[in-house]
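Asker: Encoded as structure tokens, here's the structure I'll be asking about.
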Amino acid sequence: MSKGPQRIRGTQDIWGEEADRFQAVVATFDRVRRLYAFGRVEVPVFEATEVFARSIGETTDIVSKEMYTFPDRGGDSLTLRPEFTAGLCRAYLSEGWQQHVPLKLATHGPVFRYERPQKGRFRQFHQLDAEIIGSDSALADVELLVLADQLLRELGIGEGVRLELNTLGDAETRDAWRAALVRHFESHRADLSEDSLSRLDRNPLRILDSKDPKDRPIADAAPGIDEYLSPAAADFFAQVTAGLDAAGVAWTRNSRLVRGLDYYRHTAFEFVTDRLGAQGTVLAGGRYDGLIESLGGPATPAVGWAAGIERLAMLIDVPGRARPDAVLVPLGERAESAAVGLLAELRRAGVACDMAFKGNMKKRMAKADASGARFAVILGDDELDRGEAAVKVLGTGDQEHVKLAGLAGTLRGR
């Protein structure tokens, strides 16, 4: 067999059971987001590069190392989206969606990051995304967290996943905490890793989640945010936790859970599991009240989350394989010709069916058995002359003749 062109490293061809898992995650998300009145939205796969550079931050690894950026024929710099939030916020501004606030949006699709492929991580991967734009209420944070919790439960993985929650405070809190962290890390500058030294000037909060063993004792001894929480920020966090308690959503405080960029405020959260090895986070998000302002818009509160479809699909049970209700087994050219019309008629009547096209009677019946269908519908010249089909129950071997005019009703009614 000729090899031909090969799949690009870090991409996937999703088929069979893997595709069924993927679709089960998407279908569950679509069903649950409707229960919460989140409207479906579609945004472009690529944007002007500045949308991501301004929103994700020029100094982050995503922008500096991982984005797929290219000039188009007009000379404009474009980037394949590495996440959804920036594009949704751009659309909010450019499409005049401000008049509809608060906006509850849901979307899903491919995102792109140039990073080292590993288990559960690809260069083209897929995310679910849910956002509430234009609400500064703690109840918006609660709504998104309860939505995420219900999604995971309906996927059957709620028991193996825990919600870790933190507050990043308001601007006043964050500035005071950031200054204290800089003082702490500066006093240990000689012992920090090179990565953390570069973050110290640009993004000191990120040192708190460093994986380098050299940094861990210093990060663990750093001052916590609670010492610097303003009364307003403390009250906001209390409203979020009270809402989660009222909704019956279990949570764990993780005071070291951070988001490096300055536009993040208040709630930060991750749903984590130890069932995926090192890749522990299955869904994460937070409040980003400063993001739309960083894109040149008015100050606009917002909160959201994203989840990797592939990671969720790895955790769920194998969904039931899609099986036809019936497989048509035509015998002879006349029957094959009639079966094409009958197949279309049955499908239009809501009966899922397929046809065994080739081989003798034995091979065609074997195909019907292998499909998992409940019935084989056998058509030969004798049956056609009588305006009938022989309907065989594949599980039991029972067989009866049914008039073609009533065939769809018979198959649906069993």
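Asker: Compute the acute angle (0 to 90°) between the alpha-carbon long axis of helix 333-348 and the principal axis of greatest extent of the alpha-carbon atoms of the chain; round to the nearest 10°.
Answerer: 40
Asker: Another one. Given the Cα-Cα distance of Asp381 and Ala190 and 0.36 nm per residue of separation, how much length would full extension add, in nm?
Answerer: Extra length from Asp381 to Ala190 when fully extended: 59.8 nm.
Asker: Give the span of the chain's Cα atoms along each principal axis, as three whole-Å numbers ordered largest to smallest.
Answerer: 92, 54, 44 Å, listed from the longest principal axis down.
Asker: Using a 10 angstrom cutoff on alpha carbons, build the Gaussian network for the chain and name the most mobile of Val161, Val240, Val377.
Answerer: In this elastic network of the chain, the residue with the biggest mean-square fluctuation among Val161, Val240, Val377 is Val377.
Asker: In nm, what is the difference between 0.36 nm times the number of residues separating Ala344 and Arg178 and their Cα-Cα distance?
Answerer: Difference between extended and current length: 53.1 nm.
Asker: Distance from the Cα centre of segment 4-34 to that of segment 342-414, in angstrom?
Answerer: Going from one Cα centre to the other spans 32 Å.
Asker: If packing is taken as the average number of other Cβ atoms within 10 Å across a peptide's residues, how do 304-314, 150-160 rank, most packed first?
Answerer: Put in order of decreasing packing, that is 304-314, 150-160.
Asker: I need the Debye-formula profile for segment 326-413: one equal scatterer per C-alpha, no solvent, reported as log10 I(q)/I(0) at q = 0.16, 0.23 1/Å, two decimals.
Answerer: After summing over all Cα pairs, the log10 values are -0.53, -1.20.
Asker: Okay, moving on. Within the chain, what is the number of lysine pairs with alpha carbons under 30 Å apart, leaving out pairs fewer than eight places apart on the same chain?
Answerer: 18
Asker: Tell me which of Gly4, Ala148, Gly350 sits at the most positive position along the dipole axis of the chain, charges placed on C-beta atoms (Lys, Arg +1; Asp, Glu -1).
Answerer: Gly4
Asker: In degrees from 0 to 90, rounded to the nearest 10, what is the angle of the helix 138-154 Cα long axis to the longest principal axis of the chain?
Answerer: 40
Asker: When only DSSP loop residues count, what chymotrypsin sites (Phe, Trp or Tyr not before Pro) in segment 60-141 have their Cβ near at most 16 other Cβ atoms within 10 Å?
Answerer: Hits after loop and neighbour filter: Tyr68, Tyr114.
Asker: Answer with one residue from Ile316, Leu200, Val377: the one whose Cα lies farthest towards the positive end of the charge dipole of the chain, charges on Cβ with Lys, Arg +1 and Asp, Glu -1.
Answerer: Farthest towards the positive end: Val377.
Asker: Give me the dipole magnitude in Debye, nearest 20, for the chain about the Cα centre, with unit charges on the beta carbon: positive for Lys and Arg, negative for Asp and Glu.
Answerer: 1340
Asker: Right, another one. On a 0 to 90 degree scale, rounded to 10, what angle separates helix 16-35 from the longest Cα axis of the chain?
Answerer: Approximately 70 degrees, to the nearest 10.
Asker: Is segment 100-185 rounded, prolate or oblate when judged by the Cα gyration tensor, a ≥ b ≥ c being the square roots of its eigenvalues, rounded requiring a/c under 1.5 and prolate requiring a/b larger than b/c?
Answerer: oblate
Asker: Shifting gears a bit: Nearest 20 debye, what's the magnitude of the dipole of segment 217-325 about its Cα centre given +1 on Lys and Arg Cβ and -1 on Asp and Glu Cβ?
Answerer: Dipole magnitude for segment 217-325 comes out near 340 debye.
Bear in mind that the values in this text are calculations on the coordinates, not laboratory data. This structure is a prediction, so every number in the text was calculated from the model and none was measured. In this analysis, Cβ positions are derived from the backbone assuming ideal geometry, glycine residues included, and neighbour counts consider all displayed protein chains.
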